[in-house]
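Chemist: Mind looking over this structure? Questions follow.
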Amino acid sequence: MNFKLGEYVTRKSYNNDLVFQIIDIEDDIAYLRGVDVRLYADSELDDLNKVTIKKETDRKDIEKVESLISLDRNEYFYLPGKIVQFDSDKFYLDRCIKFYKDMHLEAYGIKVKENEIEEVITETLEKYKPDIVVITGHDFLKKHAKDKTKIENYQNSENFVNAIKKARIYEKNQDKLIIISGACQSNYEELIKAGSNFASSPKRINIHALDPAIIASCVALSPVNKEIDLISLIDKTHYGSAGMGGIITNGTMYVGYPRWT
């Protein structure tokens, strides 16, 4: 079977569980990028199945966020929270920024390697003064690691922790700066201990590309004087409490009256 760049495939040896896009082919090896899951892989061509998918749309995820919020635009005006997302991967960052824009949120994307986020986070927070910061990219629990509690057994969890600690020097109050952190298989407990309001991944699973953005959008569109329903929010992510978790947090949106025309 012939394969071309840009085609969508699954892997037979993994029971066709995830959909990938072919981003490169060298000899008989295809290099793959997860369509929805933050994952890169390679595969022999004869292990691949071609699949057809609908044009990528995040409408269902937008509806998930909308189902958690209730806005009366006839009487009130709303000032949602501002978001800054640090991400090492332009493909997934662009998708998240588009999601924020579709939700009519002010959001800024900063492409930076995981180990360099801590170097730029303070100046970026001072520049944009966000209410919500997302710290993400790629991560994994190293193969054959026996102790899931040790941060050195993860590719980038320690880099995320260092960035969170820098952000908490800038703003220690977890109600004034909401931090959402982690990526696939990240050390959830250490990210929360470092000062993150929400983090991945309690069960060390791969997360959906939009899971941090779903949480950030819900926080941005929830009133500043009300606690967010934590369980309902986590349930709106793709893998629920296996992929994301967090602490009870207030929203960041101010509500005003009367609405101007």
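Chemist: Suppose we filter Gly6, Gly81 for residues that are under 16 Å from Pro212 (Cα atoms) and in a loop (DSSP other than H, G, I, E, B); which single one remains?
Modeler: Gly81
Chemist: Additional query: Report yes if Glu66 is closer than 21 Å to Ser232 by Cα and without any contact (Cβ under 8 Å) to a residue 24 or more places away in the chain, otherwise no.
Modeler: It is true that Glu66 is closer than 21 Å to Ser232 by Cα and without any contact (Cβ under 8 Å) to a residue 24 or more places away in the chain.
Chemist: Next up: Taking into account only those residues within the stretch 169-199 that are of a type in the set (Ser, Thr, Tyr) and over 21 Å from Ala107 (Cα atoms), which is surrounded by the fewest Cβ atoms within 10 Å (Cβ to Cβ)?
Modeler: Residue satisfying both the conditions and the ranking: Tyr188.
Chemist: Okay, moving on. Are any residues in the stretch 15-56 open to solvent by 80 Å² or more (accessible area, probe 1.4 Å), in contact with a Ser or Thr (Cβ under 9 Å, 6 or more places away or on another chain) and not in a strand (DSSP E or B), and if so, which ones?
Modeler: The one that is open to solvent by 80 Å² or more (accessible area, probe 1.4 Å), in contact with a Ser or Thr (Cβ under 9 Å, 6 or more places away or on another chain) and not in a strand (DSSP E or B): Asp17.
Chemist: What do you reckon, is Glu158 at pLDDT 95 or above and farther than 20 Å from Lys176 by Cβ?
Modeler: In short, yes.
Chemist: Now a separate question. Can you confirm whether Ile121 is at pLDDT 95 or above and touching a helix residue (DSSP H, G or I) at 6+ places or on another chain (Cβ under 6 Å)?
Modeler: Taking the combined requirement at face value, the residue satisfies it.
Chemist: Could you please give the count of residues in the stretch 81-104 that are modelled with pLDDT of 95 or more, touching a Ser or Thr at 6+ places or on another chain (Cβ under 7 Å) and open to solvent by 10 Å² or more (accessible area, probe 1.4 Å)?
Modeler: 0
Chemist: Quick check on my filter: what residues within the stretch 158-195 are without any contact (Cβ under 8 Å) to a residue 60 or more places away in the chain, at negative phi and in a loop (DSSP other than H, G, I, E, B)?
Modeler: Those that are without any contact (Cβ under 8 Å) to a residue 60 or more places away in the chain, at negative phi and in a loop (DSSP other than H, G, I, E, B): Glu171, Lys172, Asn173, Lys176, Leu177, Ser186, Asn187.
Chemist: Please go through the stretch 57-72 and give me each residue that is among the acidic types (Asp, Glu), assigned to a loop (DSSP other than H, G, I, E, B) and open to solvent by less than 50 Å² (accessible area, probe 1.4 Å), ordered by number.
Modeler: Within the stretch 57-72, Asp58 is the sole residue that qualifies.
This table checks each residue for (1) of a type outside the set (Ser, Thr, Tyr); (2) under 19 Å from Thr252 (Cα atoms).
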position	(1), (2)
Thr122	no, no
Ile132	yes, yes
Thr136	no, no
Ala145	yes, no
Ser157	no, no
Phe160	yes, no
Ala163	yes, no
Lys166	yes, no
Glu171	yes, yes
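Chemist: Among the residues of the stretch 191-218, write down those that are under 25 Å from Arg33 (Cα atoms) and among the charged types (D, E, K, R).
Modeler: Lys203, Arg204, Asp211
Chemist: Looking at this structure, is Lys203 basic (Lys, Arg) and touching a residue at least 40 places away in the same chain (Cβ under 8 Å)?
Modeler: So Lys203 passes the test.
Chemist: In the set Glu118, Glu114, Glu75, which member is open to solvent by 60 Å² or more (accessible area, probe 1.4 Å) and of a type outside the set (S, T, N, Q)?
Modeler: Glu75 is the lone residue from the list that is open to solvent by 60 Å² or more (accessible area, probe 1.4 Å) and of a type outside the set (S, T, N, Q).
Chemist: Looking only at the stretch 240-261, how many residues end up being at pLDDT 95 or above and either open to solvent by less than 30 Å² (accessible area, probe 1.4 Å) or in contact with a Ser or Thr (Cβ under 8 Å, 6 or more places away or on another chain) (or both)?
Modeler: Qualifying residue count for the region: 11.
Chemist: A further question follows. I need the full set of residues from the stretch 84-129 which are in a helix (DSSP H, G or I) and among the hydrophobic types (A, V, I, L, M, F, W, C), in order please.
Modeler: Phe91, Leu93, Cys96, Ile97, Phe99, Ile117, Val120, Ile121, Leu125
Chemist: Please verify whether the stretch 211-222 includes one or more residues that are more than 30 Å from Asn74 (Cα to Cα), modelled with pLDDT of 95 or more and of a type in the set (A, V, I, L, M).
Modeler: no
The values are calculated or read from the model by the stated rules, or taken from the named source; none is laboratory data. What you are looking at is a predicted structure, and each value in this text was computed from that prediction instead of being measured. Cβ sites come from the backbone with ideal geometry, for glycine too, and all protein chains shown count toward neighbours. Heavy atoms of the whole protein, side chains included, go into the accessibility calculation; ligands, DNA and RNA do not. Shrake-Rupley method; radii C 1.70, N 1.55, O 1.52, S 1.80 Å.
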